[in-house]
Structures are given as structure tokens and as C-alpha cells.
Amino acid sequence: MIGHGKPTSSLLSYAVIIVICYVVSLARHPYRPCASCDGTGRHRDATSDEEDWPCARCSGQGQRRRWGAQALYLQKRDKG
């Protein structure tokens, strides 16, 4: 039972649960909105309302991979 016994085993159990939850979250949602363009994929010109250009960070897609998603997808590709 978690929480009873040695503190290190409880801490290890919680860490394993957190890692499993994060991996499941990565599998379900591997992308996050780009922080540079706020998920729009475009940057607006500060001096003109009509000019904008693709975001250089996300290549105009508005999304970036979350930390750890690349490793998860590399493992999936190697298995299949």
C-alpha cells in the first residue's frame, strides 16, 4: 500500500506513477501551442496591421512538440 512502510519506497512509487501519467499524456497530446506566436503560426508586424509572416519557431504550424514527445515517438517507430 502506498504511504505505508519505508519512505523511499513510497517516494519511488509516486515518482513511477507521475512518470506513467506524463507518458500517457504525451501519447495523447504530443504537441503544445507555440509560445512565440501564441499558437497562431503567424507573427504580426508591430508597425502595420496588414503585415505578418510565418513564425520561425514553429514554421507557421502554431504547435511545437512537448518535452519528451520526440523520445516517445522514436521508440514507437523502432517497434513497428
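Values quoted throughout were computed directly from the atomic coordinates according to the rules given, and no laboratory measurement underlies them. It should be emphasised that the depicted structure is a prediction, and the values quoted were computed from it without experimental measurement. Glycine gets a Cβ as well: all are built from the backbone with ideal geometry, and neighbour counts include every protein chain shown.
For the reader, a short list of remarks on this structure follows.
- Placing +1 on each Lys and Arg Cβ and -1 on each Asp and Glu Cβ, with no other charges, gives the chain a dipole about its Cα centre of roughly 700 debye.
- Net charge of Cβ neighbours under 11 Å - reference Arg42; Lys, Arg +1; Asp, Glu -1: -3
- In the chain, helices alone account for a calculated mean residue ellipticity at 222 nm of -14000 deg cm²/dmol, with every DSSP H run of four or more residues adding -39,500 (n - 2.57).
- Shape of segment 7-79, Cα gyration tensor, a/c cut at 1.5: prolate
- Selection from Tyr22, Ser10, Leu72 lying farthest towards where the dipole of segment 7-79 points positive, charges on Cβ: Ser10
- Estimated FRET transfer efficiency (Arg28, Ser59; beta-carbon r; R0 35 Å; 0.05): 0.90
- 0 to 90° range, to nearest 10: angle between helix 7-28 axis and the chain longest Cα axis: 40
- Isolated Cys residues of the chain, judged by Cβ distance under 4.7 Å to other cysteines: Cys21
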